[in-house]
1. Can you list the residues, at least 5 places off or on another chain, whose amide H is less than 5 Å from the amide H of B:THR63, using H built in the peptide plane?
2. Please list the helices of chain A that count as membrane-span-like by this rule: a mean Kyte-Doolittle hydropathy of at least 1.0 together with Cα atoms stretching 27 Å or more along the helix axis, each helix being a complete DSSP H run.
3. Any idea of the accessible area per residue across the range B:152-294, 1.4 Å probe, to the nearest Å²?
4. Could you work out the pair-distance distribution P(r) of the protein assembly as shown from its alpha-carbon pairs, with 20 angstrom bin width and percents rounded to whole numbers?
5. First select every other residue whose beta carbon is under 15 angstrom from the beta carbon of A:ARG178; then total the charges, Lys and Arg +1, Asp and Glu -1.
6. Quickly work out the A:ALA79-to-B:LYS277 label distance, labels modelled 7 Å from Cα along the C-beta direction, and quote it in nm with one decimal.
7. Leaving out ligands and nucleic acids, and using a 1.4 Å probe, what accessible area per residue does the range A:57-270 come to in Å²?
8. Leaving ligands, DNA and RNA out of it, report the carbon-plus-sulfur percent of the accessible area of the range B:88-306 at a 1.4 Å probe.
Amino acid sequence: MRRYPNFLAGLGSLVWLFLVGLPLYVMLTATLRSRTDYSTNGPLSFPKHFTLHNYTQDFSNGFGRYFLNTLVVSAAVVAIVLLLVPPLSYAIVRGRGRVTTGVFRLFLLGLAVPAQAVIVPMFYVINRAGLYDNLAGVILPTAAFCLPVSALVLTGVMREITPDLYEAMAMDGAPPWRVFFQLVVPLSKGGLSTIVVFSALQAWNGFLFPLVLTQSDSSKVITLGLYDFQTEHGVDIPGLLAAVVLSMLPILIVYLFARRALVQGLMGVGGK
Amino acid sequence: MTTTSPAPAAAQDGQARRPARRAARRSGTAVTRPGFAWAVPATLFFALFAILPLVLVAVLSFTDWDGLDAPAFAGLDNWRALLHDHTMIQSLWLSVLITVLGVAVQTPLSILLGVWAAGKQRNRAVLSAVFFVPLLLSATAVSVLWRAMLDPNFGVPAQARWLFGNGNLLGMQSGAIGVLVFVGAWQYTPFHTLIYQGATRAIPEVLYQAAALDGAGTVRQFFHITLPQLRNTMVTSMILMVVGGLTTFDTVLILTQGGPGTDTTISAYYMYQQAFKNFDYGGGSAIALVLVLVATVISLVVVRVSGYDKMRSSSEGL
């Protein structure tokens, strides 16, 4: 039985394939050819000779450093989220009382606060805390802005744990911390991996906080490196696109090996 | 706080107490519950780095601050200036225009692709893998990539003059807005496609079987079953598009810098420019507060419409 308007949707999907495929083709071929080859033969032509020069040049221009910085930021953000969110969600799901409900509402409201809206006072707070131009100054706000979605996702997952299991643990007289570590955490593994991927992506792709809260090369993350590369050497398109490829490399690797977890982490963006 | 015992917490609860009490009676034991202390670290952290700045943005909007000296109270000056600021009013219109165009382009596209991707043929899995690549790129990378692609001298327009004319798309307002909407759609359509794909797969097969028995063809099935069944998803997806559209920033900063002139200076970019380029942090805060108010109104709609706030229902949400 045919369920869908196959023809129209099929046509749309072909157009989309072209729109996604073309930039990817241009990007990959451009990074593997010399600048002169690119500018004389144009972006759509196929490279005559292949070279990795664009990548090595990016590395010697500091992208290795930016890469490491981004890695540190992402790891720290994930650690903070993993430390804070599971107990929070546990309290929201199993706690009883108005305060917990109020806390949940607070985080729900936080879902709609865009980072742009608080960037000026964030600049003030981070400056006063002496964290300007410091990776910690990027890590803390980035982690805070991962909390609402992570809490929503994990709370949803924890709610699916059946009350019978809690009763069984209560029969043994288990205190909350034992219930947490022996029941809640093991049964929320799927949700935990989703929030890990989600917050790692947020940190890896974050741009606004680093743009406003850091300044020097030593605390530059990769997105900011891309932006500066573009403003300073915008004409070196192969070098620039090689930097784009480098910036997406870790995500691409995760995509190839853990597509499901990645897509769920991405969908965390929508909170649903 | 750390010694909050589960008993009083359980006692003040009204609505969801019944199942717990019944369970306790059956097992003869009180079910232990975590106290509020479990929520304290996350709440404090969130309050410090999200709620406090939100309060401060309101405070700063009533001050004059150049980023160096301490902020000085300035009364309603920033707000009065904002009301008469031509660029601000224009930026709000531009934000709305780009958002509406984004929704108009992305919604039909992502419904079509989502419904198509929800099918079962094997080649779809392979194609879907390519479809979703834009999701893997950061907004920064997407903007940098498209800026290189559309470069009038070294990009695709230089090789396809028949299509692009002189190729300077970003040099005129309509072209620049078109590019921003296009790049936004390129970046976010895969995400909304995934939402629609999931929702389409959740539509009960029985509905289609019944419609087929009644002689409804593919097209009628799409309009009479698929689309109505996707209504809630459409609301969620559109609200996300609106919030995303109103806060577009990276794309504007990298692709157009608000130009030509101020032709694409949308509110989020104007706020950044006022605060961090013109060092008028008070004025920037006022613009930011306008953004917060708009976003809050939308968030309340989200919470209402999607039922996120009905926290006791177990099958909703994820």
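The values are calculated or read from the model by the stated rules, or taken from the named source; none is laboratory data. Predicted, not measured: the structure shown is a model, and the values here were computed from it. All Cβ positions, even for glycine, are placed from backbone atoms using ideal geometry, and neighbour counts span all protein chains on display. Please note that ligands, DNA and RNA were not included when accessible areas were found on the heavy atoms of the full protein model with its side chains. Shrake-Rupley method; radii C 1.70, N 1.55, O 1.52, S 1.80 Å.
1. For B:THR63, whose amide H was placed from the backbone, the distant partners under 5 Å are B:ALA74.
2. Span-like helices in chain A: A:6-31, A:64-94, A:135-158, A:237-257.
3. 41 Å²
4. 19, 51, 27, 3, 0
5. Once positives and negatives cancel, what remains is 0.
6. 3.7 nm
7. 36 Å²
8. Heavy-atom surface of the range B:88-306 belonging to carbon and sulfur, 1.4 Å probe: 65 percent.
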